[in-house]
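Visitor: Below is a structure I'd like to ask you about.
The values are calculated or read from the model by the stated rules, or taken from the named source; none is laboratory data. These numbers were taken from a predicted model, which means no experiment stands behind them. Counting neighbours? That spans all protein chains shown, and the Cβs are built from the backbone with ideal geometry, glycine included. The area values use the complete protein model at the heavy-atom level, side chains included, leaving out ligands, DNA and RNA. Shrake-Rupley method; radii C 1.70, N 1.55, O 1.52, S 1.80 Å.
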Amino acid sequence: MFNQICRRFIPEYENTRDIKVRERYGTVFSVFSIIGNIILVIIKLIIAFISNSVAIKTDAFNNLSDLGSNLATLIGFKISGKHADADHPYGHGRMEYVSGLIVSFLILYMGFEAIKESVIKIFNPEDLVNNNTTFIVLILSIGIKYVMGLVNSKAGEKIDSETLKAAGQDSRNDCMVTLATLVSLLIYHFFNISIDAYVGAVVSLLVLKSGVEIFKGMLDLVLGKAPDKELVKEMESIVCSYPHVKGIHDMILHDYGPNGKIMSLHAEVDSECDILEIHDEIDNIELYIKENYGILTTIHMDPINMNDEETNILREKVLEAVKSINNEYKIHDFRMVKGQSHTNLIFDVLIPSDDEISDEKLTELIKEKISLIDETYRIVIQIDHSYV
């Protein structure tokens, strides 16, 4: 079914890097979910009224929140697909993350309302009215939600959309919720034991749990989540595979939406090589990453002296001293400037983003370590914090 929908409604559906194709995916599968949830809300509210079931009513409200979520997702994709303008030069891609936050708020609101009604029903129980139609509708609902979860998850994977993946997960949760409701009604039907309100409370807690998880995931994206470690390693491997690049540092990866990633980094190159040849290679790296990963990349060249044996030996000694403080620390841009009375050692120290040591304290520790190598060294340090 998923492939049939794509072929029927999404021109060039395989070209998922195209912003318009991506927008089309979001639109098509949001509308698909909207239609499904409208049908489910109407049918379940009617059945809830007939059967007097708080669990079914809770389930219906959950589908109503899903409907609001689908509308928010649809609007989010429409806005995120807009072209960059003077006020938003990086595009509108993050609007997809904002719509995901709205989805989580709606789910949390419905969860709180549902649990409130379930608690009231626990202390003021009412008789249920069951019939075959009720059971058929609930089974049909499970089937519809299963299909919605399947196609939304596949669409989310296809275009790497956290919002559509969340919609898919929410639909799968709804399958379990409706199944629990069905079981409670069957127990009442055969054993005349009413656990409807308790099931409604459990359903509400599951809805709240889903809302919290989606909220946390989307909030991470809005605040600026650390890039995927595998992607970082892949970028490092690609850049360092070129002959003139001896190492990289100061990598920063900005996320302005699924199709709006921007990366910058420093590449260390031999200071004695042809600068025009190196520049051409850097251009080729930037172009390769843009064409194959869709990441706009800017690479700064850092020339280093590769052939001075004294500098190379001292660099290793300084690195060893820095790593004795923390093995995760790294150094780069190492330079040695000799004077008549002393020698300046100039370098940057890269520390993990979650390291809480102050720059001043770390600088003092490094100076103490290096003074053990030679007291005449004067240290000029720049502390860098990792962004990947």
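Visitor: From (1) open to solvent by less than 10 Å² (accessible area, probe 1.4 Å); (2) within 30 Å of E291 (Cβ to Cβ); (3) not hydroxyl-bearing (S, T, Y), pick out the condition that doesn't hold for D66.
Guide: Exception for D66: condition (2).
Visitor: Say we look at the range 26-50 and pick out the residues that are closer than 17 Å to V177 by Cα and either among the polar types (S, T, N, Q) or without any contact (Cβ under 8 Å) to a residue 60 or more places away in the chain (or both); which of these is surrounded by the fewest Cβ atoms within 10 Å (Cβ to Cβ)?
Guide: Once the filter is applied, the top-ranked residue is L45.
Matching residues to (1) β-branched (V, I, T); (2) more than 28 Å from D66 (Cβ to Cβ); (3) open to solvent by 30 Å² or more (accessible area, probe 1.4 Å); (4) part of a strand (DSSP E or B):
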| position | (1), (2), (3), (4) |
| --- | --- |
| E213 | no, no, yes, no |
| K216 | no, no, yes, no |
| L219 | no, no, yes, no |
| A226 | no, yes, yes, no |
| L231 | no, yes, yes, no |
| V239 | yes, yes, no, no |
| H249 | no, yes, no, yes |
| I252 | yes, yes, yes, yes |
| S264 | no, yes, yes, yes |
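Visitor: Checking P243 against (1) more than 19 Å from S104 (Cβ to Cβ); (2) in contact with a helix residue (DSSP H, G or I) (Cβ under 8 Å, 6 or more places away or on another chain); (3) open to solvent by less than 50 Å² (accessible area, probe 1.4 Å), which test does it fail?
Guide: Only one criterion is unmet by P243, namely (3).
Visitor: Exactly one of (1) under 23 Å from the mean Cα position of the chain (by Cα); (2) free of Cβ contacts under 8 Å to residues at least 24 places away in the same chain; (3) surrounded by 15 or more Cβ atoms within 10 Å (Cβ to Cβ) is unmet by I159. Its number?
Guide: (2)
Visitor: Say whether the condition of being at pLDDT below 80 and polar (S, T, N, Q) is met by at least one residue in the range 229-242.
Guide: Our first condition is that a residue be at pLDDT below 80; within the range 229-242, this holds for none.
Checking the range 229-242: not a single residue is at pLDDT below 80 and polar (S, T, N, Q).
Visitor: Those residues that are open to solvent by 40 Å² or more (accessible area, probe 1.4 Å), among the hydroxyl-bearing types (S, T, Y) and either assigned to a strand (DSSP E or B) or modelled with pLDDT under 90 (or both), I need them from the range 339-388; list them, please.
Guide: S341, S353, S371, T376, Y377, Y387
Visitor: Return the residues of the range 168-204 that are open to solvent by 20 Å² or more (accessible area, probe 1.4 Å), more than 16 Å from I56 (Cα to Cα) and assigned to a helix (DSSP H, G or I); say none if nothing qualifies.
Guide: Hits for the range 168-204 are Q169, R172, F190, F191.
Visitor: Cβ-Cβ below 6 Å, separation at least six or inter-chain, first residue in the range 311-329 and on the phi < 0 side of the Ramachandran plot and in a helix (DSSP H, G or I), second modelled with pLDDT of 90 or more and charged (D, E, K, R): which pairs?
Guide: Final answer for the pair search is A321/K369.
Visitor: Could you please find all residues in the range 88-120 being out of contact with any His (no Cβ under 9 Å at 6 or more places or on another chain), open to solvent by less than 70 Å² (accessible area, probe 1.4 Å) and under 30 Å from I19 (Cα atoms)?
Guide: Across the range 88-120, the qualifying residues are G93, M95, E96, Y97, V98, S99, G100, L101, V103, S104, L106, I107.
Visitor: Could you tell me which of the residues G76, G93, G68 is touching a residue at least 24 places away in the same chain (Cβ under 8 Å) and in a loop (DSSP other than H, G, I, E, B)?
Guide: Working: G76 fails: in a loop (DSSP other than H, G, I, E, B); G68 fails: in a loop (DSSP other than H, G, I, E, B).
Answer to the selection: G93.
Visitor: Just give me the residues in the range 294-338 being open to solvent by 40 Å² or more (accessible area, probe 1.4 Å), out of contact with any Lys or Arg (no Cβ under 8 Å at 6 or more places or on another chain) and under 30 Å from G257 (Cβ atoms), in sequence order.
Guide: T298, H300, M301 - these are the residues of the range 294-338 that are open to solvent by 40 Å² or more (accessible area, probe 1.4 Å), out of contact with any Lys or Arg (no Cβ under 8 Å at 6 or more places or on another chain) and under 30 Å from G257 (Cβ atoms).
Visitor: Filter the range 245-280 down to residues that are of a type in the set (G, A, S) and touching an Asp or Glu at 6+ places or on another chain (Cβ under 8 Å), then give me how many there are.
Guide: So the first thing to find is which residues in the range 245-280 are of a type in the set (G, A, S), and the list is 247, 257, 260, 264, 267, 271.
Right, trim to touching an Asp or Glu at 6+ places or on another chain (Cβ under 8 Å) and you get 247, 257, 264, 267.
Residues meeting the conditions: 4.
Visitor: Looking at the range 274-293, which of its residues are at pLDDT below 90 and surrounded by 15 or more Cβ atoms within 10 Å (Cβ to Cβ)?
Guide: Y293
Visitor: Looking only at residues that are assigned to a loop (DSSP other than H, G, I, E, B), at pLDDT 80 or above and charged (D, E, K, R) in the range 1-38, which one is farthest from I142 (Cα to Cα)?
Guide: E12
Visitor: Considering the range 56-72 alone, what residues qualify as being at pLDDT 80 or above and over 30 Å from Y188 (Cβ atoms)?
Guide: The answer is N70, L71.
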